[in-house]
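What follows is one structure encoded as structure tokens, with my remarks underneath.
The values are calculated or read from the model by the stated rules, or taken from the named source; none is laboratory data. None of these values were measured; they are calculated from a predicted model. So basically every Cβ, Gly included, is an ideal-geometry build from the backbone, and we count neighbours across all protein chains shown. Just so you know, the surface numbers come from the protein's heavy atoms only, side chains and all, with ligands and any DNA or RNA stripped out. Shrake-Rupley method; radii C 1.70, N 1.55, O 1.52, S 1.80 Å.
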Amino acid sequence: MELVEIRDLDGPNIFLLKPAIKVEFAWSDVDVTPDRLVDLARRGAPLASNAAPGAGLEGLSQVAREIVAALHRLAGLEVPEIVSKPLETPGRMVVAYAWERRALALGVAKILAGLVTGEDLEPGATDHLKSLLSNPPDEQDRPGFLRDSERTVPIIATTGTNGKTTTTRLIVHILRRAGRRVGWSSSTGVFIEGNQVLEGDYTGPTGALRVLQDPEVDVAVLETARGGILLRGLAYESNDVGVFTNISPDHLNLHGIRTVEGLADVKATVLRVTRADGYAVLNADDPLVVALNGSLRARPFLISRQHDNPHVVAHRQQGGTTLIADNGVVLLTMNGIETRVLDLAEIPMTFGGRAGHMIENALCGAAACLGLGLSVEQVAEGLASFRNSPEQNIGRLNVYDIKGVTVIVDYAHNEAGLKNLLEFGRGYRQAGGRLVSIIGTAGDRTDDALRAIGTMAAKASDRVIVKRTSKYLRGRPAEEMDRLFQEGIQGGNGETAPVEPSERDALRAALAEARPGDVITMMCIEQVTEVQRDLSALGAPLS
């Protein structure tokens, strides 16, 4: 048995909806034989039960939970909530328990880890735990999250694989047009009333707390990614509206998550902490997202691009709240009353309804604001005045005309994002025009995902250009990424694509050989500002 990590999670997480200590072990069949488990119980005496433990992983979990419980009792504390479960990564398991005093909780974790990995219980170990409680706790000894008793502003939290940033920006826009003072955290930074106070990816608890602690804010809008949930937990005890845009494979084989179902479970943490009198906005067109309906304490608010979506139909018949796009019209059903919000043609970010994924983002953002209590008129006005322009939604489906060549720049960073981008780009191709794809993403994707991006681009495009990743390699050599993209491209069209050293270089290369009627679609995540500046100097925005 080996210890993988001890991690203190400061807020609600995938294991418990409260601060938790995570102790992760790597195990094999040999580690959970009856003899090994009896030996563990013996070394843990008097912490573990005298009864013979059960067999296999459940037996190990039983003994580990008993040890955690006994250590808390010996320290003079009540036994906390304790869970144990295998991870999706084969041969990995976690013991997690709630905590209020960090030093004591980590001390328990170290004793547990030592016993499980073969050490004997050291004399005086439990006395040391008691000593950790002898002084009043300071700020570092308490969980670093915002409790409901301390919270003074409503929270809208947005999660999902794609569309989080656009949906967050739309929600902020609608709220601010309605006169609210808004702070928000996102993948591009932390903003207070339109002023950037932190730059970078702040989709974790650091960004959220910066917003929640700002005295100027009367509504917090928090984009929430899976990394922060897994590594630190949420920054707050509950939110008032939770939004789940969609789910697709992304960042797999990291932190014990190997499947899209596991990824959905992580992101669903945001919805599980939504207050019972709040709303959980669920994309009913995504099977894994809508499957959460009925398992949450919050009231479900279903959105859909399909008026006959069976989940929406059933939910509406039961008196539930829905927001749908029906024959070009956005319709709200709430408290049994159907209300027209506005036409899709009046929502610029959907490009007249041609950008299907932007329709979903628009519905999610509108539902979030309606769930917070804004009027239909306020939401409609916000939808009608929000555009995918560099000023309002930089890097998200920004469209330019460069002397008859259409260039579409998007933060597409995975297969689902690229699929949406390519489908949208084909709609701009004129007779005789070509579709040119510039592809690239971050290094923390699986080999298969990188190949799939190359294959998808090759099959859908007349030409593919690979832009080399440099800023977001995340431990993977750039040359290896180039090779995997090429393998995918060759599998898609049998060709080898040129590799350009940066996003700006790739765009220049594509424009140099483009002719009127062509469309260039670009996955852009590293030089967003610079690329937008170049395009603005060369042509005119269409979005």
Margin query: Tell me whether the chain comes out rounded, prolate or oblate; compute the Cα gyration tensor, take square roots of the eigenvalues as a ≥ b ≥ c, and use a/c under 1.5 as the rounded threshold.
Written below: prolate
Notebook entry, point to check: Roughly what would the spin-label model give for Asp326 and Val197, points 7 Å off Cα along C-beta, in nm?
Noted result: 4.2 nm
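Within segment 178-250, what percent of beta bridges assigned by DSSP are antiparallel, to the nearest 5? Spell out each step's value before the answer.
Numbers: 8 of 12 bridges.
Around 65 percent antiparallel, to the nearest 5.
In nm, what is the difference between 0.36 nm times the number of residues separating Ala345 and Thr496 and their Cα-Cα distance?
Numbers: separation 151, 0.36 × 151 = 54.36 nm, distance 4.06 nm.
Gain on stretching Ala345 to Thr496: 50.3 nm.
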Next item on the list: Could you tell me the number of lysine pairs in segment 13-146 with C-alpha atoms less than 20 Å from each other, where the two lysines are 8 or more residues apart or belong to different chains?
Entry: 5
Next item on the list: Report the label-to-label distance for Ala26 and Glu261 in nanometres (one decimal), using points 7 Å from each Cα along the Cα→Cβ vector.
Entry: 2.6 nm
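Stretched out fully, how many nm does the piece from Arg42 to Ala55 gain, at 0.36 nm a residue minus the Cα gap? Each step should come with its number before you reach the end.
Working: separation 13, 0.36 × 13 = 4.68 nm, distance 1.54 nm.
Between Arg42 and Ala55, full extension yields an extra 3.1 nm.
Once you order the gyration tensor axes a ≥ b ≥ c over the Cα atoms, which shape class does segment 342-390 get: rounded for a/c under 1.5, otherwise prolate or oblate by comparing a/b with b/c? Don't jump to the answer; show the numbers that get you there.
Details: a/c = 1.90, a/b = 1.64, b/c = 1.15.
The shape class here is prolate.
Contact order normalised by length for segment 170-281, with contacts defined as Cα pairs under 8 Å and 6 or more residues apart; what percent is it?
Working: 180 pairs, mean separation 24.0, N = 112.
For segment 170-281, the relative contact order is 21 percent.
About its Cα centre, how strong a charge dipole does the chain have in debye, to the nearest 20, once Lys and Arg get +1 and Asp and Glu get -1 at the Cβ?
Working: 57 positive and 69 negative charges, 147 e Å.
The calculated dipole for the chain is roughly 700 debye.
Hey, got a sec? Which chymotrypsin sites (Phe, Trp or Tyr not before Pro) in segment 389-472 land in a DSSP loop and have at most 16 other Cβ atoms within 10 Å?
Within segment 389-472, the qualifying chymotrypsin sites (Phe, Trp or Tyr not before Pro) (loop, at most 16 other Cβ atoms within 10 Å) are Tyr472.
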Check: Which whole-number percent is the relative contact order of segment 385-515 (Cα, under 8 Å, 6+ apart)?
Finding: 21 percent
Next item on the list: Using a 1.4 angstrom probe on heavy atoms only, work out the carbon and sulfur share of the accessible area of segment 143-223 in %.
Entry: 42 percent
Checklist line | Per-pair calculated FRET efficiency, R0 = 30 Å: Glu487 and Asp462 via Cβ, rounded to 0.05 | finding: 0.90
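Would you kindly calculate the mean projected area, averaged across all directions, of the convex hull enclosing the Cα atoms of segment 321-408, in square nanometres?
On the way: hull surface 24.5 nm².
The directionally averaged projection comes out at 6.1 nm².
With an 8 Å Cα cut-off and a minimum separation of 6 or more residues, compute the relative contact order for the chain in percent. The partial results should precede the final answer.
On the way: 1205 pairs, mean separation 58.0, N = 543.
Rounded, it is 11 percent for the chain.
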Note to self: Exposed loop sites here are GluC sites (Glu not before Pro) in DSSP loop states with at most 16 other C-beta atoms within 10 Å. What is the longest stretch of the chain lacking them?
What the structure shows: 217-494
Notebook entry, point to check: Roughly how tilted is helix 34-44, in degrees to the nearest 10 and between 0 and 90, from the longest Cα axis of the chain?
Noted result: 70 degrees
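Indicate the gyration tensor shape class of segment 142-239 (rounded, prolate or oblate), computed on the Cα atoms with a ≥ b ≥ c the square roots of the eigenvalues: a/c under 1.5 is rounded; otherwise a/b larger than b/c is prolate and the rest oblate. Mind dumping the intermediate values first?
On the way: a/c = 1.57, a/b = 1.13, b/c = 1.39.
The shape class here is oblate.
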Note to self: Could you report the chain's accessible area per residue, 1.4 Å probe, as an integer in Å²?
What the structure shows: 40 Å²
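Which FRET efficiency value, to the nearest 0.05, do you get for Ala291 and Leu74 by plugging their Cβ-Cβ distance into 1/(1 + (r/R0)^6) with R0 = 35 Å?
Details: r = 42 Å, r/R0 = 1.20.
Step by step, r from the Cβ atoms, then E = 0.25.
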Notebook entry, point to check: At a Förster distance of 35 Å, what's the computed FRET efficiency of Gln306 paired with Glu381, Cβ-Cβ distance as r, to 0.05?
Noted result: 0.85
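If you stretched the chain out fully between Ala537 and Asp214, how much longer would it get, using 0.36 nm times the residue separation minus the C-alpha to C-alpha distance?
Working: separation 323, 0.36 × 323 = 116.28 nm, distance 3.70 nm.
Net length gain for the segment: 112.6 nm.
At a 1.4 Å probe radius, carbon and sulfur cover how many percent of the accessible area of segment 338-449?
On the way: 1670 of 3630 Å².
Accessible surface attributable to carbon and sulfur in segment 338-449 totals 46 percent.
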Next item on the list: Taking amide H positions as placed in the peptide plane 1.01 Å from N, state which residues far from Ser187 in sequence (5 or more) or on other chains have amide H under 5 Å from it.
Entry: Tyr202
